[in-house]
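The values are calculated or read from the model by the stated rules, or taken from the named source; none is laboratory data. Please read all numbers here as calculations on a predicted model, not as lab measurements. Cβ placement follows ideal geometry from the backbone for every residue including glycine, while neighbour counts extend to all protein chains displayed.
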Amino acid sequence: MIKETITIQDAVDVLNGALSLDHDAINALIKARVECNEALSNHPSIQIGVNDDGSYRVGLLGIINGLFGADDITQYGAIGAKMDDTTGQTIKFILMDNASKTQTSL
């Protein structure tokens, strides 16, 4: 069944479900970053990181957060990945404090 809309909580639930099914694969995807261009870095809601040399990088969670937009004040996305401080492994996906009950049309 194709979903016409999805809530932020729906996305978090799917991510956590995938993490429980194959932790290694999802953890690797979430930690992976690829270089991207300045045009993508200027997208209003996709979350982009900046390397020390000023180049840009993007990851899967940044793209997913782009579906829901960014907080007007913090400019952060609605979904976060809670990481283990010791191992650096993804523990779970969470709604950030700035997340609303907004739905996004797909």
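Of all residues in region 47-60, those being buried (at least 18 other Cβ atoms within 10 Å of the Cβ) and touching a Cys at 6+ places or on another chain (Cβ under 9 Å) number 3.
Go through region 29-84 and count every residue that is at positive phi and at pLDDT 95 or above. Can you show your working first?
Residues of region 29-84 at positive phi: 54, 69, 75.
Right, trim to at pLDDT 95 or above and you get 54.
So the answer is 1.
Give me the residue from region 1-18 that is β-branched (Val, Ile, Thr), surrounded by 15 or more Cβ atoms within 10 Å (Cβ to Cβ) and in contact with a Ser or Thr (Cβ under 9 Å, 6 or more places away or on another chain) and, out of that set, nearest to residue 80 (Cα to Cα). Before you say what the answer is, go through the steps one by one.
Taking region 1-18 as the starting set, the residues that turn out to be β-branched (Val, Ile, Thr) are 2, 5-8, 12, 14.
From what's left, surrounded by 15 or more Cβ atoms within 10 Å (Cβ to Cβ): 6-8, 12.
From what's left, in contact with a Ser or Thr (Cβ under 9 Å, 6 or more places away or on another chain): 6-8.
Details: 6: 17, 7: 15, 8: 11 Å.
The qualifying residue nearest to residue 80 (Cα to Cα) is 8.
Quick one: in region 61-85, of everything that is over 22 Å from residue 25 (Cβ atoms) and touching a Gly at 6+ places or on another chain (Cβ under 7 Å), which residue is surrounded by the fewest Cβ atoms within 10 Å (Cβ to Cβ)? Applying the filter and picking the extreme gives 70. Filtering region 19-39 to residues that are within 15 Å of the chain's Cα centre (by Cα) and surrounded by 15 or more Cβ atoms within 10 Å (Cβ to Cβ) leaves 19, 26, 27, 29, 30, 31, 33.
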